[in-house]
Amino acid sequence: MAKSIMVQGTGSHVGKSIITAGLCRIFKNMGYKVAPFKAQNMALNSAVAKEGGEIGRAQAIQAEACGVEPSIHMNPVLLKPNSDMGSQVIIHGKVIGNMKAREYYAYKKKAWEAVCESYSKLSGEFDLIVIEGAGSPAEVNLKENDIVNMKVAEMAGAKVLLVSDIDRGGVFAALIGTMELLTQSERKMVCGFIINKFRGDKTLLEPGLDFIEKRTGVPVLGVVPYLRDMVIGEEDSVGLDNRKVGAYCDTPLQNRPIKIGIIQLPHISNYTDFDSLQREPDVELRYIQRPEEVDGLDLVIIPGSKNTIDDLLFLKKTGLAEAIDKHYRDGRHLVGICGGYQILGLKVSDPHGVETDGVSEEGLGLLPIETVLLKDKVTANIEAVGSQQSAASLKGYEIHMGESMIVGDAKPLFVIRKRNSGAVEMPDGAITKDGRCWGTYIHGVFDNDGFRRDFLNGIRKDKGLDAVKGLINKDDGFDQLAAVLIENLDVERILKLTEDWRVRLGSEAGTSQTIESGYSA
């Protein structure tokens, strides 16, 4: 049975995902066979696992940090919000339906069975599992139905590292307040605190660290600096609020001649599709929400959406639809990915009530395609070739519940040659005769260096700029992240805790009878 350690947080977006990814790479580099695990994830950024099912993208990236293929068992429960009150519920990579919050609470017993099944499978295959929690373990209104925080730690016999974000302020209150709201047995599971996103002189923080340890009896195992250039595995669109233009390279904004705007749809999904564009030193990339922000852009991208028709109506209501149309008519470039591809077409129909009450809506009319939303979701890792933009082969993944047909003067953009493990010959996407407007269902197209280079060189040519012949010298970032954590965390002590901590599970309902702390002051 695998050893385990769990990363929880005092709230959402305190850095659990990136700390988990860093620990995964550290332990992988130490020779362990490591896997990430998150029982339940609520996210609109997702990926396709090796089995062909859908999981949170953060867990797929953490699997990459471990040097293993992502599996549906690394994130057995995925919730994808599609309204203010409900979510699409995905168990073991497959959609089981849309549920309101109360419906899902009633379903949680079955969801917990899926969590236990997946953890047991991973535990038999790996040496060490790094588990990520969600939100805060101290949400008193949610604890009764918890299937992602302390209940998982107890099930796995995992000690808990509690992470808090000092950049937001209130870190001492957050850590101490969280401990106060935990039960006595839960407090014993917490082996150490990690203070994340620190700026400044650490010596000035020492009185506060001493105070926390004396007040709680729990040591601070590290203070991690604010990481400006390693945005790895953010869970959902809340990450957009924290992204800075130019976060990936040092070239000043005014010296970046290629201007790209991503429409920040209300139900935007998989915005990580565009991280590779943002790493280009001559690209200024922005997320935009107002019509006037379209002015002066070389490229507008409509990204994926969890509710295509609602987001299409948003574009029309805000005037963005007219601004996008003008942008294209003025000779600029326009791209749609997945839901954005559907939006660019003539019509989107939802006869089965997948996202709406069975309505249809006229699209932007810039690509001659018509889309019908279907009951069954397509999730697949793919390999494709061709296109008017590049002859290079590429890899990516599909996650969509629609089928789009070309009904006018346009050609397919790609030909998919491999879908999951099977050979196929399937057209994908569409591109206008002038080559300036295209769309595809394939996520991750811009992560393919050859395709990205050729596409951007077309824009560079339009602007009278020199083509770029080489490729970006990319480091996956995980070793850099691991080095920062090794320098700032007591990793040896954290690893020892995975060996010393034991929970003897009871014979009934998997409840804990005795809990012994592996930490001695």
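The values are calculated or read from the model by the stated rules, or taken from the named source; none is laboratory data. What you are looking at is a predicted structure, and each value in this text was computed from that prediction instead of being measured. No Cβ is skipped: glycine too gets one built from the backbone with ideal geometry, and neighbour counts run over all protein chains shown. Note: accessible area is taken over every heavy atom of the protein model, side chains too, but ligands, DNA and RNA are not part of it. Shrake-Rupley method; radii C 1.70, N 1.55, O 1.52, S 1.80 Å.
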Looking at ALA65, is it in contact with a Pro (Cβ under 7 Å, 6 or more places away or on another chain) and small (Gly, Ala, Ser)?
no
Selection status of GLU293, open to solvent by 20 Å² or more (accessible area, probe 1.4 Å), more than 25 Å from the chain's Cα centre (by Cα) and either over 30 Å from LYS326 (Cβ atoms) or modelled with pLDDT under 90 (or both)
no
Number of the exception - VAL294 against (1) touching a residue at least 60 places away in the same chain (Cβ under 8 Å); (2) within 30 Å of ALA467 (Cα to Cα)
(1)
Options PHE193, PHE172: the member that is within 20 Å of GLY11 (Cα to Cα) and buried (at least 22 other Cβ atoms within 10 Å of the Cβ):
PHE193
Only residues in region 432-461 that are free of Cβ contacts under 8 Å to residues at least 12 places away in the same chain count as the first member; pair them with residues that are open to solvent by 10 Å² or more (accessible area, probe 1.4 Å), Cβ under 8 angstrom, at least 6 apart or cross-chain, and list the lot.
ASN457/ALA467; ASN457/VAL468; LYS461/ALA467
Report the residue count in region 417-443 for those that are crowded, with 22+ Cβ neighbours inside 10 Å and in a loop (DSSP other than H, G, I, E, B).
2
Quick one: in region 259-290, of everything that is farther than 24 Å from ARG57 by Cα and touching a helix residue (DSSP H, G or I) at 6+ places or on another chain (Cβ under 6 Å), which residue is surrounded by the fewest Cβ atoms within 10 Å (Cβ to Cβ)?
GLU284
Listing of helices (runs of 4 or more DSSP H) fully contained in region 126-216 that carry 2 or more residues being closer than 22 Å to TYR105 by Cβ and touching a residue at least 60 places away in the same chain (Cβ under 8 Å)
150-156
